[in-house]
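Okay, structure first, notes after.
The values are calculated or read from the model by the stated rules, or taken from the named source; none is laboratory data. Everything numeric in this text was worked out from a predicted model, so none of it was measured. Glycine gets a Cβ as well: all are built from the backbone with ideal geometry, and neighbour counts include every protein chain shown. Just so you know, the surface numbers come from the protein's heavy atoms only, side chains and all, with ligands and any DNA or RNA stripped out. Shrake-Rupley method; radii C 1.70, N 1.55, O 1.52, S 1.80 Å.
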Amino acid sequence: QVQLVESGGGLVQAGGSLRLSCAASGRSFNSYVMAWFRQAPGKEREFVARISRSGSSTYYTDSVKGRFTISRDNAKNTMYLQMNSLKPEDTAVYYCAASSYSLGYRTYEYDFWGQGTQVTVSS
């Protein structure tokens, strides 16, 4: 139904910034709730942020509030994650996800996933 491809990851020093993009193909991008998850080595995949279909509602995990901003441009079929004031503990593979039925923050609530993009923050 929808295919997702992340980009924008890389290596950055602590305190720096990165902007991740998630490009979606297929119809009805604006019918999906979109989210970012991340997975550090040896840890479970965890929720980072989500955005409603119209972009009017956003939600963040506590550890990134005030530093990360999720957004979407439905005309471009693209979702973004602006990451500022990065910390070494933000190091992880970041995944784009789409849900056709939920506005949640659990992995099982999301139907479609991208391949992930690596973010590494050095101290």
| request: Send over a whole-number figure in Å² for the accessible area per residue of the chain, probe 1.4 Å. | output: 51 Å²
| note | One finds the C-alpha centres of region 94-123 and region 49-69 to be spaced, in Å, by 13 Å
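Restricting to DSSP loop positions (anything but H, G, I, E, B) with no more than 11 other Cβ atoms inside 10 Å of their own Cβ, which trypsin sites (Lys or Arg not before Pro) remain in region 69-123?
Arg106
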| query | Taking the Cα centre of the chain as origin and charging only Cβ (+1 Lys, Arg; -1 Asp, Glu), how large is the dipole, in debye to the nearest 20? | reply | 220 debye
| remark: For region 17-95, averaging the sequence separation of alpha carbon pairs under 8 Å that lie six or more residues apart and dividing by its residue count, the contact order in percent is 38 percent
| Of the GluC sites (Glu not before Pro) in region 1-73, those whose Cβ has at most 13 other Cβ within 10 Å and which sit in DSSP loop | Glu44
| query | Do any trypsin sites (Lys or Arg not before Pro) in region 1-71 lie in a loop, going by DSSP, with at most 11 other beta-carbon atoms within 10 Å of their beta carbon, and if so which? | reply | Arg27, Lys43, Lys65
| field | Percent accessible area from carbon and sulfur atoms, the chain, protein chains only, probe 1.4 Å | value | 45 percent
| said: Restricting the calculation to Cα positions, tell me the Rg (one decimal) and the Dmax (whole number) of region 63-108 in Å. | reply: 12.5, 34
| query | Taking a probe of 1.4 angstrom, what is the accessible area of Thr69 in Å², to the nearest 10? | reply | 70 Å²
| request: Report, to two decimal places, the Cα Rg of region 35-87 normalised by 2.2 N^0.38 Å (N = number of residues). | output: 1.19
| remark: Expressed to two decimals, region 30-123 has a Cα Rg over Rh, using the Kirkwood radius, of 0.94
